[in-house]
1. Considering only residues that are closer than 16 Å to residue 75 by Cα and in contact (Cβ under 8 Å) with a residue 60 or more places away in the chain, look in region 1-48 and name the one that is nearest to the chain's Cα centre (by Cα).
2. Quick check, is residue 108 modelled with pLDDT under 95, touching a helix residue (DSSP H, G or I) at 6+ places or on another chain (Cβ under 8 Å) and either surrounded by 14 or more Cβ atoms within 10 Å (Cβ to Cβ) or over 14 Å from residue 12 (Cβ atoms) (or both)?
3. Quick one: which helices (runs of 4 or more DSSP H) lie wholly within region 27-98 and hold at least 2 residues that are in contact with a strand residue (DSSP E or B) (Cβ under 8 Å, 6 or more places away or on another chain) and buried (at least 19 other Cβ atoms within 10 Å of the Cβ)?
């Protein structure tokens, strides 16, 4: 993995871990955002577990690249769905999911271009 990919993947792993912890500890901002888009708040923990698993996968990818690629694919799908739910619910605060989607996409592109 090249230096740029390592930095982007590392930054994404840190950001997703923070988001997962905020989700798992039911921070008000997360609970409000998830409720506003129509996701059942009682299942909030599943979102936190998915994000935490992806962050761990990104880190394990330092040992075996396909794990990072799989984690990045999962995050692109997750944050595409998040943006879609925000748009569908007519929520105007798209900054967080769009930033996460952009960084996840950048990580995926960098990870899949390693060695080519």
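The values are calculated or read from the model by the stated rules, or taken from the named source; none is laboratory data. Note that the structure is predicted; figures quoted are calculated from it, not measured. Using ideal geometry, Cβ is built from the backbone for each residue, glycine included, and neighbour counts are taken over all protein chains shown.
1. Among those that are closer than 16 Å to residue 75 by Cα and in contact (Cβ under 8 Å) with a residue 60 or more places away in the chain, it is 16.
2. Values: modelled with pLDDT under 95: no; touching a helix residue (DSSP H, G or I) at 6+ places or on another chain (Cβ under 8 Å): yes; either surrounded by 14 or more Cβ atoms within 10 Å (Cβ to Cβ) or over 14 Å from residue 12 (Cβ atoms) (or both): yes.
Spelling it out, it is not the case that residue 108 is modelled with pLDDT under 95, touching a helix residue (DSSP H, G or I) at 6+ places or on another chain (Cβ under 8 Å) and either surrounded by 14 or more Cβ atoms within 10 Å (Cβ to Cβ) or over 14 Å from residue 12 (Cβ atoms) (or both).
3. Values: elements: 28-36, 44-60, 65-88.
Helices (runs of 4 or more DSSP H) meeting the threshold: none at all.
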